[in-house]
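Report on the following structure.
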Amino acid sequence: MTFPTTGTPGTTAPSRDARAATFAAAVAAQGSDASVHTAGSPTYDGARLPWNVAVDQRPAVVVEPRTADDVAVAVRAARASGLRVAAQGTGHNAGPLAVQDLSDVVLVRTGALDDVTIDAAARVARVGAGAVWESVIEAASRYGLTALHGSSPDVGVVGYTLGGGTFVYSRALGLACNSLVAAELVLADGSAVRASADENPELFWALRGGGGSFGVVTALELELFELPTVQAGMLLWDGSRADDVLHAWAAWATTAPDEITTSLRLLNLPPLPDLPPFLRGRKVVAVDGAVLDSDERAAELLAPLRALEPELDTFGRVPASAVVRLHMDPEGPTPSVSDSVLVDELPDDAIDAILEAAGPESGTSLLAAEVRQLGGAVGRPAPDGGALTHLDGDFLVFGVAVAPTPEVAARGREDAARLVDAVRPWSRGRTYLSFSEVTTASTSAYDDATLTRLRDVRDAVDPERRIVANHPVGERRAA
Ligand SMILES: Cc1cc2nc3c(=O)[nH]c(=O)nc-3n(C[C@H](O)[C@H](O)[C@H](O)COP(=O)(O)OP(=O)(O)OC[C@H]3O[C@@H](n4cnc5c(N)ncnc54)[C@H](O)[C@@H]3O)c2cc1C
């Protein structure tokens with residue numbers, strides 16, 4: 001497949017619109033069915049809208065491939081048109097992409113590549129680049145299997161997995177990225193490759209937690225786990241109990257065994273009609289999670305939390321497919337802003353700082369101030385793991401606000417930063433990039449050796465820096 005190239009040495013570089021037009025023509029000339037939306041076309045604004053609708057991303061052109069071949073055509077056409085390429089599944093983490101210069105970028109939105117097939121005997125799911133967790137979990141559950149999904153049914157499997165992936169199975173089973181069996185992707189030169197332990201092993205290493213800097217993934221193969229049912233649920237207290245529940249939970253969390261993973265949220269619920277009447281407009285404390293063990297063991301592990309007399313206790317044995325909605329994350333397009341950091345410990349002073357910054361009396365605008373319990377298998381380097389073997393902190397602190405207007409977004413950003421700043425004394429400034437919806441240095445997420453290795457892989461597969469990621473691995477410092 002060949003493409004005409006734009007630009008001749010010594011002549012003025014073509015404008016963004018000219019390059020976008022060349023790109024559209026090149027895609028059409030290859031007989032590709034991909035939809036192309038150039039800036040200014042009537043369909044452009046709809047096509048560029050990410051899941052996080054508070055984010056205004058303005059690429060030169062948006063392309064919606066229908067097949068892996070369409071992706072290869074789009075990448076080659078971008079190259080021939082002098083454009084760079086950014087892949088996006090849903091746009092849950094569009095924030096740090098949109099603040100980059102996208103005026104010469106083709107945004108490849110993969111939503112239509114949403115095939116999911118389950119090989120029950122091999123316990124492997126083959127997942128197209130546009131698939132969201134709900135469809136994978138639903139398909140796997142027909143065989144009594146599940147995957148290491150996140151807290152939201154409509155987060156994209158690919159972005160989640162490339163970034164790490166942690167939720168209620170993590171302390172028992174580790175990060176989702178290390179359950180990756182193989183990936184199919186289109187590299188910056190337009191070639192299609194497969195990466196696994198046996199094929200392109202360095203690339204396979206980088207894809208497991210190194211993010212989206214290495215090409216456009218067209219499909220992933222993920223390990224599935226035999227888990228037809230799970231002990232999972234939520235404990236809920238009135239906001240007035242925030243102080244004693246948070247102190248007690250944090251102390252309990254550091255000694256809990258690996259088979260239980262929970263998170264605690266201080267929730268500031270709006271008076272929305274979709275909420276059950278007893279929750280509308282209330283401040284509450286919620287602890288949710290799962291136990292990968294027997295009902296008896298779950299009861300034993302939950303006893304110290306139940307002793308705090310929650311007003312609601314939904315823990316019980318549920319189909320594993322229900323766990324994807326356990327956290328009640330917002331589904332569909334949502335405007336939000338957030339901030340997060342990994343912390344090493346949460347002694348009493350740290351809990352007091354969280355309460356002062358985001359507790360019920362703080363006046364915060366945050367919808368949720370969340371503390372995720374890490375440690376266990378998610379805190380230990382995974383044997384034979386990829387670039388992200390574990391998360392380097394015992395807790396992840398995260399603040400999120402709904403942001404329907406720029407003014408509300410600014411206030412939410414301030415309040416999320418206030419929460420994160422409050423726990424900085426107990427943090428080494430390490431971050432988990434998938435939970436970072438703002439520009440964040442890659443040095444805060446990987447150690448030096450890992451970052452050097454990630455950059456080496458990127459240099460090998462993308463010497464021209466054609467691929468644009470939300471969280472790029474960055475450039476080596478000049479010697
Ligand atoms: C409501 C909500 C709940 C969440 N829950 C969890 C959770 O429980 N646990 C957790 O670990 N994280 C969670 N996250 C974070 C989530 O994992 C990241 O936002 C992740 O990047 C989302 O992936 P996506 O594909 O949906 O997003 P996108 O914004 O579409 O993609 C993010 C990035 O991934 C890369 N990427 C996506 N698709 C491709 C592709 N085909 N090829 C190459 N690169 C690609 C790109 O660099 C892209 O910029 C949550 C986020 C939100 C907003």
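The table that follows gives values for the structure above.
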| item | result |
| --- | --- |
| Leading residue by the ranking (nearest to the ligand (Cβ to nearest atom)) among those in the stretch 198-212 that are open to solvent by 10 Å² or more (accessible area, probe 1.4 Å) and closer than 13 Å to A87 by Cβ | G212 |
| Residue that is farthest from D288 (Cα to Cα) [pool: residues in the stretch 171-197 that are touching a strand residue (DSSP E or B) at 6+ places or on another chain (Cβ under 6 Å) and open to solvent by 40 Å² or more (accessible area, probe 1.4 Å)] | A192 |
| Pick from the stretch 213-235, criterion over 18 Å from L185 (Cβ atoms) and β-branched (V, I, T), ranking: farthest from the ligand (Cβ to nearest atom) | T229 |
| Identity of the residue in the stretch 322-378, open to solvent by less than 10 Å² (accessible area, probe 1.4 Å) and in a helix (DSSP H, G or I), that ends up nearest to S434 (Cα to Cα) | V378 |
| Test for A20: is it touching a strand residue (DSSP E or B) at 6+ places or on another chain (Cβ under 8 Å) and modelled with pLDDT of 95 or more | no |
| Selection from the stretch 158-173 of residues that are hydroxyl-bearing (S, T, Y), in a helix (DSSP H, G or I) and within 6 Å of the ligand (Cβ to nearest atom) | Y160 |
| Odd one out for V378 among (1) farther than 24 Å from V245 by Cβ; (2) under 18 Å from the mean Cα position of the chain (by Cα) | (1) |
| Candidates G332, G363, G386, filtered to the one that is touching a residue at least 60 places away in the same chain (Cβ under 8 Å) and at positive phi | G332 |
| Per-region count, the stretch 224-246, residues within 28 Å of the chain's Cα centre (by Cα) and either open to solvent by 40 Å² or more (accessible area, probe 1.4 Å) or free of Cβ contacts under 8 Å to residues at least 12 places away in the same chain (or both) | 3 |
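The values are calculated or read from the model by the stated rules, or taken from the named source; none is laboratory data. All of these numbers come straight from a predicted model, not from anything done at the bench. All Cβ positions, glycine included, derive from the backbone under ideal geometry; neighbour counts span all protein chains shown. Accessible surface is based on the protein model in full, side chains and every heavy atom, while ligands, DNA and RNA are left aside. Shrake-Rupley method; radii C 1.70, N 1.55, O 1.52, S 1.80 Å.
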